Amino acid sequence: MTGREICHELERLEHAGETFDSLLTAAVRLLHDTDSRFHWTGVYELYPDGVLRLGPFVGAPTDHVFIGVGHGVCGTAVAEGRNLNIPDVSKASNYLACSTATKSELVVLIRDGDHIFAQIDIDSHELDAFDDRSVAAVEAVAQWLSGFYARSGRLTPAETTA
């Protein structure tokens, strides 16, 4: 399934009346199932206290349920305001090991301009697992989810206490 196909399925689910949380869970599951190199796929939402909190995920449980902005690959992506594709996590000095089997990681921000709602985080047991096609698929889903935040009127975690 391509990123475009995932977005079409998410649109179908949205029009069928699925809740925000069920759509976020569906997005994670659909992305995870698109590529056999995706061994852990999840969403971290950004809260106003500068902490990323784990939302829906597929894969082994992780101890990293909370990640501070600036910590690890996930927190660095938010601090720098950019997506990160890490082909070899052993070379990332700030990598937070979720699994000893993880070899590469992709973090794509769910954002509207400078406003970051959340991020999609994907780990792989293969080195350099994220090619242009897989990155494009994740970016398309992140863009769709950003629009869904706006369309749903859902207060993002960062806005609920502001």
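Every read-out reported here was derived from the displayed coordinates using simple, explicitly stated rules and does not represent laboratory data. For clarity, every value in this text was computed on a predicted model and none was experimentally measured. Positions of Cβ are generated from backbone atoms using ideal geometry, with glycine treated the same way; all protein chains shown enter the neighbour counts.
Please work out whether the stretch 1-84 counts as rounded, prolate or oblate from its C-alpha gyration tensor, where a ≥ b ≥ c are the square roots of the eigenvalues and a/c under 1.5 means rounded, while otherwise a/b larger than b/c means prolate and anything else oblate? Prolate shape, in that a/c is at least 1.5 and a/b is the bigger ratio.
What do you get for chymotrypsin sites (Phe, Trp or Tyr not before Pro) in the stretch 29-102 restricted to DSSP loop and a cutoff of at most 11 other Cβ within 10 Å of the site's Cβ? Intermediate values should be presented prior to the final figure.
Details: sites: PHE38, TRP40, TYR44, PHE57, PHE66, TYR95; in loops: PHE38, TYR95.
Filter output for the stretch 29-102: empty list.
Label-to-label distance for MET1 and ALA136 is 1.9 nm, based on points extended 7 Å past Cα in the beta-carbon direction. The tail of the calculated P(r) for the chain beyond 19 Å holds 50 percent of all Cα-Cα pairs. Computed from the Kirkwood radius of its Cα pairs, the Stokes-Einstein diffusion coefficient for the stretch 4-52 at 10 °C and 1.306 mPa s stands at 131 µm²/s. Among the trypsin sites (Lys or Arg not before Pro) within the stretch 1-107, those in coil by DSSP and having at most 13 neighbouring Cβ atoms inside 10 Å are ARG82. Round to the nearest 0.05 the FRET efficiency obtained for ALA150 and ASN94 when R0 = 30 Å and r is the Cβ-Cβ distance. Taking R0 as 30 Å, the efficiency between ALA150 and ASN94 is 0.45.
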